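Worksheet: one structure, shown below.
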Amino acid sequence: MAREMDRHEGVTDAVDATQYLTFWLGDEVFAMDIRTVREIIQYGLMTAVPLMPDFVRGVINLRGAVVPVIDLQARFGRPAATVSKKTCIVVFDAVRAGERVELGLMVDAVSEVIEIAAGQIEPPPNFGTSLRRDFIRGMGKVADRFVILLEPDRALDVDEMAGLCAAAQETGS
């Protein structure tokens, strides 16, 4: 009976685990729920859009669709990212006014997909992070390190970013 209970506990743990795509920004590892990720593409040709905030790197043509690309380093208030051979764009689904919108995130490098059980996630710290606390869903404990789990609805809030873009256009004119 103990053996049967262990087997059921393992099933419960597997059900409570979520898969996350991990990626690097500088020397920090971040992650986002894999269910929101559409695809990962190599950094390439991008069209700059005038009068946009620094964090809007430009737009790409993805199979005929215009996809804005957000420089995650700049969005977090850091210096703009430097493009390298490992720079990627993570295309993911965001929601604006109840509709799905594709956005691209420029990251230094994509790492791997990992599973983190709900019990291995700590709440965001009250201090000691260079990000706004509301940008962080939690801190995932993976082996001997922490992975910063993004709260994409806040960190990449399309309405908030649109407001910042509008403000940039007003001050630019």
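All of the numbers you see were taken from the coordinates with simple rules; none came from a lab. A quick note: this is a predicted structure, and the numbers were derived from the prediction, not measured. When we count neighbours, we look across all protein chains shown, and the Cβ atoms used for this are built from the backbone with ideal geometry, even at glycine.
What order, most packed first, do the peptides 114-122, 25-33 have when packing is the mean number of other Cβ atoms within 10 Å of each residue?
The packing order, highest mean first, is 25-33, 114-122.
Just to confirm my numbers, what's the Cα centroid distance between the stretch 35-70 and the stretch 81-107 in Å?
So the two Cα centres are separated by 7 Å.
Over the Cα atoms, compute the radius of gyration (one decimal) and Dmax (the largest Cα-Cα distance, rounded to a whole number) for the stretch 41-100, in Å.
Calculated on Cα positions, Rg and Dmax stand at 12.1, 36 Å.
Would you mind putting 41-48, 137-144 in packing order, based on average other-beta-carbon counts within 10 Å, highest first?
Averaged packing, sorted descending, gives the order 137-144, 41-48.
According to the Cα gyration tensor, what semi-axes, each the square root of 5 times an eigenvalue, does the equivalent ellipsoid of the stretch 23-130 have, listed from largest to smallest in whole Å?
That gives 24, 17, 15 Å for the three semi-axes.
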